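Inspection log for the structure reproduced underneath, given as structure tokens.
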Amino acid sequence: MNTDPNTTTSSEGTDMNLMHEDLARAQMSARLGEAQQLRRGHQLALARRMSRKAEKAAQQARLALARL
């Protein structure tokens, strides 16, 4: 067995690699979640703008009909 405390055994190295992989996976999952939230926010803002635009067009159409 290796008696040098500065070197890691194969098992310890594997454990560290697994920990790093788990951390990377957790970070990637968090970033994907943030991206999805941003997209939902943008979609909601776009839907609100389009709704206001449609309401304005409907109001203009009602005013145009009232003038006839």
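The values are calculated or read from the model by the stated rules, or taken from the named source; none is laboratory data. Just so we're clear, the structure is a prediction, and the values are computed from it rather than from any experiment. Ligands, DNA and RNA are excluded from the accessible area calculation, which covers all protein heavy atoms including side chains. Shrake-Rupley method; radii C 1.70, N 1.55, O 1.52, S 1.80 Å.
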Can you tell me which residues in segment 8-30 are open to solvent by 80 Å² or more (accessible area, probe 1.4 Å) and not in a helix (DSSP H, G or I)?
T8
Of those in segment 31-45 that are open to solvent by 80 Å² or more (accessible area, probe 1.4 Å) and aliphatic (A, V, I, L, M), the residue farthest from the chain's Cα centre (by Cα) is L44
